[in-house]
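Engineer: First the structure, then my questions, so here it is.
Taken together, the values in this text are just the output of simple stated rules run on the coordinates, not laboratory data. Remember, predicted model here, so these are calculated numbers, not experimental data. With ideal geometry, Cβ positions are generated from the backbone for all residues, glycine too; neighbour counts draw on all protein chains shown.
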Amino acid sequence: MVNIAVVDYDMGNLHSACKALEKAGASPTITDQPEQILGADAVVLPGVGAFDPAMQHLRDRHLEASIHQAIASGKPFLGICLGMQILFDSSAEGTEKGLGIIPGSVKRFQPEPEITIPHMGWNQLQLTQPDHPIWQDLPKDPFVYFVHSFYVAPTVPEVNAATVTHGQQTVTAAIAKDNLVAMQFHPEKSSAIGLKILENFVHWVKQQ
């Protein structure tokens with residue numbers, strides 16, 4: 001069975017992500033130990049909350065280097081929600097430097113008369129890398145569940161794997177580059193579609 005390290009840095013409910021990964025056929029382990037992160041078949045970096053505390057907690061637990069090493073090693077890596085945002089250089093939400101793995105920044109939704117912030121609830125993905133293994137056998141423009149006030153803005157748009165439209169603003173909903181994928185929405189809260197995405201991730205890990 002695929003062994004997945006779920007990074008523990010005190011940002012969000014890790015158990016819901018683990019339960020979803022178990023349903024998807026993986027054996028997840030919640031850990032803040034670098035040797036377990038580097039020894040796993042794949043790594044998941046979930047997260048709920050604010051950018052600055054997330055980075056502070058990662059640094060307090062000396063996890064920056066192991067995350068960089070895990071991605072550089074080529075093993076599959078999945079970032080979820082805040083776990084995607086901290087892969088970037090910086091955020092309008094705070095002053096801390098991000099992990100700097102993907103060039104770009106995190107921006108705040110601009111207020112509009114017809115939209116609510118945070119962007120919360122079900123919305124449709126527009127897949128921009130439709131052939132990526134993470135999207136295998138999904139319906140066209142699938143609905144997934146979002147909860148966020150900030151979105152990532154990659155410097156290189158080619159890393160976009162999916163977008164979402166909220167009001168008049170179309171923003172990045174997922175990224176994919178080499179062995180790294182990350183998504184702003186919560187697959188563990190996205191019912192059958194979210195479970196299928198996690199199953200696809202587990203299958204992708206098995207193929208490596």
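Engineer: State all residues of the range 158-208 that are of a type in the set (D, E, K, R) and surrounded by fewer than 21 Cβ atoms within 10 Å (Cβ to Cβ); if no residue qualifies, say none.
Structural biologist: Answer for the range 158-208, where residues must be of a type in the set (D, E, K, R) and surrounded by fewer than 21 Cβ atoms within 10 Å (Cβ to Cβ): Glu158, Lys177, Asp178, Lys189, Lys196, Glu199, Lys206.
Engineer: Name, by its number, the condition in (1) closer than 18 Å to Phe51 by Cβ; (2) part of a strand (DSSP E or B) that does not hold for Thr165.
Structural biologist: All conditions are met except number (1).
Engineer: Criterion first (surrounded by fewer than 18 Cβ atoms within 10 Å (Cβ to Cβ), hydroxyl-bearing (Ser, Thr, Tyr) and assigned to a strand (DSSP E or B)) does Tyr145 satisfy it?
Structural biologist: Details: surrounded by fewer than 18 Cβ atoms within 10 Å (Cβ to Cβ): yes; hydroxyl-bearing (Ser, Thr, Tyr): yes; assigned to a strand (DSSP E or B): yes.
Yes.
Engineer: Quickly run through the range 56-79 and pick out the residues that are among the β-branched types (Val, Ile, Thr) and either free of Cβ contacts under 8 Å to residues at least 12 places away in the same chain or surrounded by fewer than 24 Cβ atoms within 10 Å (Cβ to Cβ) (or both). I'd like the intermediate steps shown before the answer.
Structural biologist: Pass one, the range 56-79, residues among the β-branched types (Val, Ile, Thr): 67, 71.
Answer for the range 56-79, where residues must be among the β-branched types (Val, Ile, Thr) and either free of Cβ contacts under 8 Å to residues at least 12 places away in the same chain or surrounded by fewer than 24 Cβ atoms within 10 Å (Cβ to Cβ) (or both): just Ile71.
Engineer: If I go through the range 4-26 residue by residue, how many of them are in contact with a strand residue (DSSP E or B) (Cβ under 8 Å, 6 or more places away or on another chain) and acidic (Asp, Glu)?
Structural biologist: The number of residues fulfilling the criteria is 2.
Engineer: Then there's this: Of all the residues that make up the range 119-138, how many are in contact (Cβ under 8 Å) with a residue 24 or more places away in the chain and part of a loop (DSSP other than H, G, I, E, B)?
Structural biologist: Selection size over the range 119-138: 7.
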